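Derivation of every value follows stated rules applied to the coordinates shown; laboratory data play no part. Owing to the predicted nature of the structure, the values given are computational and were not obtained by experimental measurement. Methodologically, a virtual Cβ is constructed for each residue, glycine included, from the backbone with ideal geometry; neighbour enumeration extends over all protein chains shown.
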Amino acid sequence: MFMEDVDELDFKILEMLWENGRASFTEMAERLNLSESTVRKRVQSLKRRGVIKRFTIEVDPLKIGMRTVAIVGIDVDPTKLLEAAQRLCELKEVRTVATSTGDHMIMTEIWTRDGRELTRLISEKIGKIDGVRRICPAIILEKLKT
């Protein structure tokens, strides 16, 4: 997938979907002054080419009782990187897992009900994953943009 494969119209459609993933093809067509079938075909093409991977929802963690959101950097033995990352993916509290360069080898976003639950998760589950050497949590105070 190269940048030239996504044109200006595709970007406009993507922006509308980022703003409202439930926007109908008819709504988008009206805003773009196009036919519904043109928008539908463009979205289908974006999905088929892997530009759009899936449609998701955004949940406010506070509204579901998750008062502690943390970005947690994790360092592991290099030979255990992918295995540890996969184990983290299996934990329900871990919302995002990414391998990275920089300060930490793995970066995660974790939602828990409170600090005590985060502490338990780190000590009883994450800390026991084979290869984990260091865990560096940072509690999110306020998300300004997602």
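Inter-label distance, residue 51 to residue 38: 1.5 nm, where each label sits 7 Å from its Cα along the C-beta direction.
Can you give the relative contact order of the chain as a percent, counting alpha carbon pairs under 8 Å and 6+ residues apart? Don't jump to the answer; show the numbers that get you there.
Numbers: 165 pairs, mean separation 33.1, N = 146.
Relative contact order of the chain: 23 percent.
Put simply, the Cα atoms of region 3-48 extend 26, 20, 18 Å along their principal axes, the longest span coming first.
How big is the dipole moment of the chain about its Cα centre under a simple scheme where the beta carbon of each Lys and Arg is +1, that of each Asp and Glu is -1, and everything else is neutral? Debye, nearest 20, please.
Numbers: 26 positive and 24 negative charges, 100 e Å.
In total the dipole reaches around 480 debye.
With Cα atoms as the point set, region 82-126 shows a radius of gyration and Dmax of 10.7, 29 Å.
Which order results if 51, 43 are arranged by neighbouring Cβ count within 10 Å, fewest first?
On the way: 51 15, 43 20.
Fewest to most other Cβ atoms nearby, the residues stand as 51, 43.
Listed from fewest to most Cβ neighbours within 10 Å, the set 16, 28 follows the order 16, 28. Taking every alpha-carbon pair within region 61-139, the share separated by more than 17 Å comes to 37 percent. As a proxy for reagent exposure, 112, 99 were ordered by neighbouring Cβ count within 10 angstrom, fewest first; the result is 99, 112.
Net charge near residue 102: determine it from the other residues with C-beta under 14 Å of the C-beta of residue 102, scoring Lys and Arg +1 and Asp and Glu -1. Every neighbour counted, the sum reads -1. Within the chain, the longest run free of chymotrypsin sites (Phe, Trp or Tyr not before Pro) that sit in a DSSP loop with at most 16 other Cβ atoms within 10 Å is 56-146. In the chain, the sites counted are trypsin sites (Lys or Arg not before Pro) in DSSP loop states with at most 16 other Cβ atoms within 10 Å, and the longest stretch holding none of them, exclusive of the sites, is 114-142. Applying 1/(1 + (r/R0)^6) with r as the Cβ-Cβ distance of residue 140 and residue 82 and R0 = 25 angstrom yields a FRET efficiency of 0.40.
The mean sequence separation of alpha-carbon pairs under 8 Å and at least six residues apart, normalised by the residue count of region 61-139, gives a relative contact order of 45 percent. Positive contributions from Lys and Arg (+1) and negative ones from Asp and Glu (-1), summed over other residues with Cβ under 15 Å from the Cβ of residue 138, come out at -1. For semi-axes √(5λ) of the Cα gyration tensor in Å, the candidate list reads [x] 50, 37, 12; [y] 38, 19, 12; [z] 26, 19, 15; the entry that matches the value derived from this model is [y]. Quick check for you: which residues of region 32-48 have the amide N under 20 Å from the point 7 Å beyond the Cα of residue 5 toward its beta carbon? Hits in region 32-48 for residue 5 at 20 Å: 39-48.
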